[in-house]
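Nothing in this text is a laboratory measurement; each read-out follows from the coordinates by a stated rule. Note that the coordinates shown come from a computational prediction; the quantities given were computed from them, not determined experimentally. Here the Cβ is made from the backbone with ideal geometry for all residues, glycine too, and neighbour counts use every protein chain on show.
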Amino acid sequence: MITHALKRILQVGFALSVSAPAFAQQEIKIGVIYPLTGAAASTGAELKNALELAADIVNNGAKGVPNLPFSAGGGLPNLKGAKIKLVFADHQGNPQTGASEAERLITQEKVVALVGSYFSNVTATASQVAERYKVPFLNPESSSATLTQRNFKWFFRTTPHDDLFVQNFFEFFKDIEAKKGIKVKNLATFNENTLWGNETTKLETKLAQERGYNLVKTVTYPAKSTQLTSEVQQLKAAAPQVVMQSSYLGDAILAMKTYKELGFAPDMILANNAGFTDTEFRRTLGKDADYVITREVWSPDLAKNNQLIRQVNDLFSQRYKADFTGNSSRTFTGLMTLVDAINRAGSTEPEAIRKALIETDIPGNKIIMPWKGIKFDNHGQNIYGSGILVQIVDGKYHTVWPFDMATSDVVWPMPKTSK
């Protein structure tokens with residue numbers, strides 16, 4: 001015989017069991033692999049901030065940003081409000097570590113997809129692991145062209161790659177001669193020697209030859225070098241007008257200090273992003289960072305003519321006391337693209353997510369990049385990405401090319417400084 005009290009307990013228990021699923025909040029675990037310690041730790045910290053902002057917007061909303069997808073918050077609507085949970089891994093700039101961390105995230109953490117990994121050589125190894133396990137890998141910022149030439153089925157890249165970026169350099173040389181009568185003839189390359197730097201050297205050498213420029217010196221140096229004196233002496237002896245440089249943060253700072261110490265002053269340092277667009281680059285060098293031109297995909301001054309860029313950059317700035325950079329803005333965009341695909345898939349099954357990524361077609365007015373949008377070709381490469389050139393003046397980035405997008409006139413040559 002059931003007592004009244006016991007009957008009441010059973011009724012309450014039944015009610016709770018029925019209503020429990022309404023309160024159960026599914027988490028969608030996404031693995032992210034970045035350099036959180038080591039020479040590029042400050043870059044990794046910026047990328048981590050961008051990822052956390054994106055996840056927070058999806059999970060909890062962002063008031064006053066109505067045109068940004070998922071800004072209403074509440075998780076993924078097609079997955080009953082499931083929230084994004086980021087699981088971070090530190091590759092320390094090491095390709096082998098990146099691969100082992102990718103495997104750990106997939107097999108132990110049971111992530112549904114991976115995002116990473118900034119360094120092209122780490123992205124190469126980590127994405128091989130994802131390909132083997134048939135887990136989607138979304139790459140927001142690595143630019144080595146070969147990454148999307150491997151016939152992978154599970155690899156997707158939102159950023160443009162170095163084929164486009166290096167072509168932009170030579171288009172800029174042509175345009176600046178037509179617009180300002182500045183004729184660039186003698187070039188040098190100065191690039192780090194991992195996958196990214198070596199591929200860039202090949203592309204720059206090929207295009208210089210094809211387009212009739214004198215490549216007076218090609219210098220590669222060991223990544224994470226502690227001194228660059230002999231390499232810079234070689235550059236100085238060759239006397240190029242322009243040095244095209246590919247360096248991660250520590251190397252970029254060291255190179256600029258060495259230029260000053262040795263009195264090497266070409267007309268222009270034309271940088272291939274990476275360390276030159278890190279907040280720490282300007283913070284460390286101060287005035288010595290001024291007048292460098294670097295290829296970019298994003299700049300704070302674009303916010304003047306784009307409300308969405310301004311609104312989301314304001315969110316980032318309020319939280320982290322710094323503007324987005326070309327690196328962090330791409331990382332933010334990469335995660336938002338992956339989230340969009342997971343939501344459209346309505347599933348956390350890898351194959352469903354992969355299929356949704358293939359079908360991605362996000363218009364340019366829904367992202368914070370100055371691109372036509374995001375749509376992947378058969379190799380997983382975004383076909384709508386584009387590049388700009390920015391120049392550092394008074395510690396800030398100013399868009400100087402394409403000229404129809406420029407917010408400032410280019411300063412050429414770089415003002416000479418004393419030793």
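Quick notes
- The stretch between Thr205 and Glu171 holds 10.7 nm of extra length on full extension. This uses 0.36 nm per residue minus the Cα-Cα distance.
- If you plug the beta carbon distance of Asp267 and Asn365 into 1/(1 + (r/R0)^6) with R0 = 41 Å, you get a FRET efficiency near 0.60.
- Subtracting the Cα-Cα distance of Lys224 and Lys29 from 0.36 nm times their residue separation leaves 66.9 nm of extension gain.
- Report note on the peptides 260-267, 120-127: ranked by the mean count of other C-beta atoms within 10 Å, highest first, their order is 120-127, 260-267.
- Note on Glu103 and Asn151: with the Förster distance fixed at 22 Å, the Cβ-Cβ geometry gives a FRET efficiency of about 0.55.
- Burial ordering of His398, His161, fewest other beta-carbon atoms within 10 Å first: His398, His161
- Using just its DSSP H runs of length 4 or more, each adding -39500 (n - 2.57), the chain gives a mean residue ellipticity at 222 nm of -13500 deg cm²/dmol after division by all residues.
- For the chain, size of Cβ-based charge dipole, Lys and Arg +1, Asp and Glu -1, in debye: 600
- GNM top mover of Ile182, Ile309, Ile374 - the chain, alpha-carbon springs below 10 Å: Ile182
- The loop-placed trypsin sites (Lys or Arg not before Pro) in the range 294-365, going by DSSP, that have at most 12 neighbouring Cβ atoms within 10 Å of their Cβ come out as Lys321.
- Among Thr284, Thr158, Thr146, residue whose mean-square fluctuation peaks in a GNM of the chain (springs only between Cα atoms under 10 Å): Thr284
- Potential lengthening between Asn306 and Phe403 on full extension [0.36 nm per residue; Cα-Cα distance subtracted]: 33.2 nm
- Calculated FRET efficiency for the pair Val87/Lys179, C-beta based, R₀ 35 Å, to 0.05: 0.10
- Qualifying trypsin sites (Lys or Arg not before Pro) for the range 32-124 [loop in DSSP, other Cβ within 10 Å: at most 16]: Lys63, Lys80, Lys110
- Residue of Thr97, Thr43, Thr337 that the Gaussian network model of the chain assigns the largest fluctuation, springs spanning Cα pairs under 10 Å: Thr97
- Among Gly116, Asn78, Val242 - extreme Cα towards positive end, dipole of the chain, charges at beta-carbon: Asn78
- Euclidean distance between Cα centres, the range 257-320 to the range 138-174, Å: 20
- Computed from label points 7 Å out along Cα-Cβ, the spacing between Glu351 and Lys396 is 5.3 nm.
- The range 78-164, dipole about Cα centre (Lys/Arg Cβ +1, Asp/Glu Cβ -1), debye to the nearest 20: 500
- Approximating the spin labels as points 7 Å out from Cα along Cα→Cβ, the Lys375-to-Arg319 distance works out to 3.0 nm.
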